[in-house]
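What follows is a short report on a single structure.
Bear in mind these aren't lab numbers, they're just calculated from the coordinates by the rules spelled out. Model, not experiment: these values are computed from the prediction. Quick reminder, even Gly has a Cβ in these numbers, built from the backbone with ideal geometry, and neighbours come from all protein chains shown.
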Amino acid sequence: MPAVGPDVAEAGVSRSLLFVPADSEKKLAKARGVNADALILDLEDSVAASAKKAARQIARGFIAEGFAAELWVRINPLDTSDALDDLREIMPAAPFGIVLPKPRGARDANQLAKLLEVLEQENNIPPGRTKILPVATERPSALFHMQDYADATPRLAGLTWGAEDLSAAVGATACRDTDGRWLAPYELARSLCLFAASAAGVPAVDTVYTDFKDLEGLAHYACNARRDGFEGMLAIHPEQVDVINEAFRPSAEEIARAERIVGLFAENPDAGALGMDGEMIDRPHWLQAKRILKTAARLN
Ligand code: COA
Ligand code: MG
């Protein structure tokens, strides 16, 4: 049977991660009834500077109340003074993890890991428990260091990416074409996120679909994201969550085909390549099949 190499992401990840502006008690209350695998309480771009202090306190209270799904907090970028204030306020509530925006590279994730080490100790949280999810592509310079995530802190739970801040940074007037498709520079960023996550052995999470009224377009986008290897996707609106959850669930046909491939290799343990339905299957097909079955088992 082909051996699983280090480039196969072994960690599980949430399919749908819903952003909720942490200064909005109304949206936070609504989020409690949404079927998202994870919530990301946002303290960064969706919260005005004047509302950050209140947002931190609201986020802390929300996390302390407990919640069935994973609770992440997106702090402000590490090179702002807001970041430490964010961490000091929310860590006593012990969130599942920290979403790190605009990192300069893996070194920012490592620096955040050091801060978390101290804050976990101060707050009696088991060491290493707090995960990190970087939004890895928001700075142009970060794109040249994506491979460093392979040696980053073990807190790394995945990689996600963003186009809006990246396009603003380079002075672009758009990141999508008139049909909503990524323009070439942002396709590159998306691909780098996917490959860097795979190289680091963590799941890749696709970015937000901002046209939140277009659920059909979202379903199409999310299916393509799974096809490409992403394991989940960020959401900005409650109505996006079910669409994303469904898109990241392997279909019955995919599961049946995967079972046949795995079964065929199990019956032929010394085979490298085999024929199935007139097509060649070899190690990459076996790896894909294993991955589909693992995802299906996790979602059952
Ligand atoms: N989380 C929880 N509830 C949300 C929500 C979210 N992300 N987005 C909208 N809602 C709520 C609204 O408050 C509204 O509640 P109500 O029915 O009780 O009035 C309901 O869902 C329908 O919302 P809708 O009127 O369709 O949208 P809106 O105009 O109120 O909000 C956005 C649109 C984009 C401002 C909002 O979806 C949002 O804040 N998204 C998250 C933004 C964010 O975090 N960005 C940072 C990452 S890119
Ligand atoms: Mg942003």
Self-check item: FRET efficiency estimate (nearest 0.05) - Cβ-Cβ, Ala49 to Asp242, R0 41 angstrom
Solution: 0.75
Self-check item: the chain: most fluctuating residue of Lys52, Lys26, Lys102 per GNM, C-alpha cutoff 10 Å
Solution: Lys26
Quiz item: How many Lys pairs in the chain lie less than 26 angstrom apart by Cα atoms, where the lysines are 8 or more positions apart or on different chains?
Solution: 23
Quiz item: Picking from Ala222, Ala266, Ala142, which is most flexible by a Gaussian network model of the chain using Cα springs under 10 Å?
Solution: Ala266
Quiz item: Where the centre of each part is set by its Cα atoms, how far does region 199-262 sit from region 104-124, in angstrom?
Solution: 30
Practice problem: Run the quick spin-label model on Gln147 and Asn123: label points 7 Å from Cα toward the beta carbon, then report their separation in nm to one decimal. | Solution: 3.6
Exercise. Can you tell me how much longer the chain between Ala168 and Lys294 gets when fully stretched, taken as 0.36 nm per residue apart minus their C-alpha distance, in nm with one decimal?
Key: 41.5 nm
Quiz item: To the nearest 500 deg cm²/dmol, what mean residue ellipticity at 222 nm is calculated for the chain from DSSP H runs of n ≥ 4 alone, each contributing -39,500 (n - 2.57), summed and divided by the residues?
Solution: -13500 deg cm²/dmol
Quiz item: Toward the positive end of the charge dipole of region 253-299, about the Cα centre and with charges on Cβ (Lys, Arg +1; Asp, Glu -1), which of Ile261, Ala271, Leu299 goes farthest?
Solution: Leu299
Quiz item: Under a plain spin-label model, where a point goes 7 Å from the Cα along Cα-to-Cβ, how far apart in nm are Asn35 and Arg107?
Solution: 4.5
Practice problem: Out of all DSSP beta bridges with both ends in region 16-249, state the antiparallel percent to the nearest 5. | Solution: 5
Quiz item: Under unit Cβ charges (Lys, Arg +1; Asp, Glu -1), what dipole magnitude, rounded to 20 debye, does the chain have relative to its Cα centre?
Solution: 540
